[in-house]
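These notes are about the structure you will find just below.
The values are calculated or read from the model by the stated rules, or taken from the named source; none is laboratory data. Computed from a predicted structure; not experimentally measured. Positions of Cβ are generated from backbone atoms using ideal geometry, with glycine treated the same way; all protein chains shown enter the neighbour counts. Each accessible area value is taken on the protein alone, full model and side chains, heavy atoms only, with ligands, DNA and RNA left out. Shrake-Rupley method; radii C 1.70, N 1.55, O 1.52, S 1.80 Å.
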Amino acid sequence: MTKRVLFIGAGRMAQAIIEGLKDKNDFSIIVANNGNEERLNVIRESYGVVTTKSWKKEVGKADIIFLAMPPNVHESLLLELSGEMNGQLVMTVAAGIGPSFMESMLPDGTPVAWVMPNTAAKLGQSMTMYAPGKWVTEQHIKIIETLISGIGEYERVSEQQIIELTAVTGSAPAFIYRIAEALENIALESGVTPLQARKLVAQMIMGSAEMLKTNANPAALADEVATPGGSTAAGLEVLDTKGLADLMTEAIYACRERAASLT
Ligand SMILES: NC(=O)c1ccc[n+]([C@@H]2O[C@H](COP(=O)([O-])OP(=O)(O)OC[C@H]3O[C@@H](n4cnc5c(N)ncnc54)[C@H](OP(=O)(O)O)[C@@H]3O)[C@@H](O)[C@H]2O)c1
């Protein structure tokens with residue numbers, strides 16, 4: 001049976017998820033936001049969904065409420081939402097708004113889920129983690145997974161794991177882009193065009209990711225590239241001597257510390 005999803009928040013993340021649902025017939029979609037009418041018009045025309053200026057009027061008819069708005073507006077919205085609920089599944093993509101917080105704000109027994117995508121969601125290539133709350137059933141899990149499957153791959157984890165691993169799935173893409181930038185600049189020094197440099201580096205990263213997805217051990221994959229005493233081994237030696245692994249750990253811990261201080 002078709003489920004009615006009410007999105008509150010109509011920005012990049014809501015649009016990525018709605019885009020991912022366009023070939024699925026399981027859902028009918030209603031979208032609300034904070035009053036930006038132009039954005040609602042664009043969404044209505046682009047995705048053929050229903051929009052509303054008043055999410056409150058739609059809550060009673062919805063099966064799922066999907067919060068795609070900034071973390072700092074959640075508390076007041078959940079408070080308002082609490083008075084309108086009749087058992088809907090409530091999901092959020094906001095940093096710091098885990099299942100235990102949502103459960104504490106919503107009526108007892110409310111099924112909730114925390115979804116943590118990354119920016120590649122807009123290309124349908126997100127690595128998304130989700131953590132269900134304590135009232136979520138297997139039927140809810142199917143709904144959650146169908147809703148997020150359109151933005152890429154997903155894994156079910158615990159609330160604590162989302163807290164710890166958002167640095168890996170959400171922040172570390174920025175680390176990869178830094179590496180890409182450095183390699184592109186080196187490629188440009190050899191006289192290729194910027195487009196060529198981008199292609200060389202992007203395809204190299206994509207191929208490496210595909211190799212990792214075969215489940216081979218990263219150390220074994222590195223060994224496969226590096227003949228002992230060969231040119232790649234010389235490069236790896238520099239990275240190992242300068243402590244790339246420690247640097248990566250430090251960077252991930254810095255992300256976690258900052259995230260904790262912001263929530
Ligand atoms: N973008 C990402 O890659 C990404 C990744 C992981 C998690 N997230 C999380 O996803 C959430 C949304 O991010 P985004 O990138 O989609 O943000 P965005 O593009 O800035 O859009 C935010 C949306 O929230 C709406 N909004 C703000 N305050 C509201 C309120 N009080 N009531 C109802 N709607 C309200 C805005 O309404 P108007 O349209 O009226 O301005 C807008 O539609 C955030 O919590 C973010 O942390 C995003």
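Heavy-atom accessible area per residue, the chain, 1.4 Å probe: how many Å²?
Per residue, the chain has 59 Å² of solvent-accessible surface.
So for the range 189-263, what percent of the C-alpha to C-alpha distances run longer than 14 Å?
76
Scan the range 66-139 for GluC sites (Glu not before Pro) in coil per DSSP, keeping those whose Cβ has at most 16 other Cβ atoms within 10 Å, and list them by number.
Glu84
Would you mind telling me which residue in Ile64, Ile179, Ile143 has the biggest mean-square fluctuation in a Gaussian network model of the chain, where springs connect alpha carbons within a distance under 10 angstrom?
Of the options given, Ile179 has the highest mean-square fluctuation.
Considering Cα pairs under 8 angstrom that are at least six residues apart, work out the relative contact order of the range 3-157 and quote it in whole percent.
Dividing the mean separation by the residue count of the range 3-157 yields 21 percent.
Pairs of Cα atoms under 8 Å, at least six residues apart: use those to get the relative contact order of the range 164-262, whole percent.
With pairs under 8 Å counted, the relative contact order is 34 percent.
To the nearest µm²/s, what D does Stokes-Einstein give for the chain at 25 °C and 0.890 mPa s, using the Kirkwood radius over alpha carbon pairs as Rh?
The Stokes-Einstein estimate is 119 µm²/s.
Which whole-number percentage describes the relative contact order of the chain, with Cα contacts under 8 Å and a sequence gap of 6 or more?
Here the relative contact order equals 13 percent.
Counting other Cβ atoms within 10 Å, keep those with at most 15, restrict to DSSP loop, and tell me which trypsin sites (Lys or Arg not before Pro) in the range 1-75 are left.
Lys22, Lys24, Lys53, Lys61
How far is helix 37-47 tilted off the main Cα axis of the chain, in degrees rounded to 10, range 0 to 90?
70
Just to confirm the number: angle between the C-alpha axis of helix 244-262 and the first principal axis of the chain, 0 to 90 degrees, nearest 10?
20
Counting Lys +1, Arg +1, Asp -1, Glu -1, what net charge surrounds Leu244 among other residues with beta carbon under 12 Å of its beta carbon?
-3
How high is the FRET efficiency between Ser76 and Lys213 when r is their beta carbon distance and R₀ equals 51 Å, given to the nearest 0.05?
That pair, Ser76 with Lys213, gives E of 0.75.
With angles folded into 0 to 90 degrees, how steeply does helix 194-212 sit against the dominant principal axis of the chain? Use alpha carbons for both and round to 10.
Around 80 degrees separate the two axes.
Can you tell which of Gly109, Gly230, Gly170 shows the greatest fluctuation in a Gaussian network model of the chain with Cα springs below 10 Å?
Gly230
Ignoring any ligand, DNA or RNA, what whole percent of the accessible area of the range 54-117 comes from carbon and sulfur when the probe is 1.4 angstrom?
C and S atoms contribute 51 percent here.
For every helix of n ≥ 4 consecutive DSSP H residues, a contribution of -39,500 (n - 2.57) applies; sum these over the chain, divide by its total residues, and give [θ] at 222 nm rounded to the nearest 500 deg cm²/dmol.
Here the helix-only value at 222 nm equals -16000 deg cm²/dmol.
Note down the nm distance, to one decimal, between modelled labels 7 Å out along Cα→Cβ at Leu236 and at Ser149.
Distance between label points: 3.9 nm.
If Trp114, Trp55, Trp135 are ordered by their accessible area, calculated over protein heavy atoms with a 1.4 Å probe, which sequence runs from highest to lowest?
Trp135, Trp55, Trp114
Quick one: how many Å² of Asp246 are accessible to a 1.4 Å probe, rounded to 10?
Only protein atoms counted, so the area is about 110 Å².
Can you tell me the length gained on complete extension of the stretch Val192 to Tyr177, counting 0.36 nm per residue apart and subtracting the Cα distance?
Roughly 3.5 nm would be gained on extension.
Of the cross-linked pairs Lys122/Lys242; Lys53/Lys134; Lys24/Lys53; Lys57/Lys122; Lys24/Lys57; Lys3/Lys134, which ones have a Cα-Cα span greater than 27 Å in the structure shown?
Lys122/Lys242; Lys53/Lys134; Lys57/Lys122
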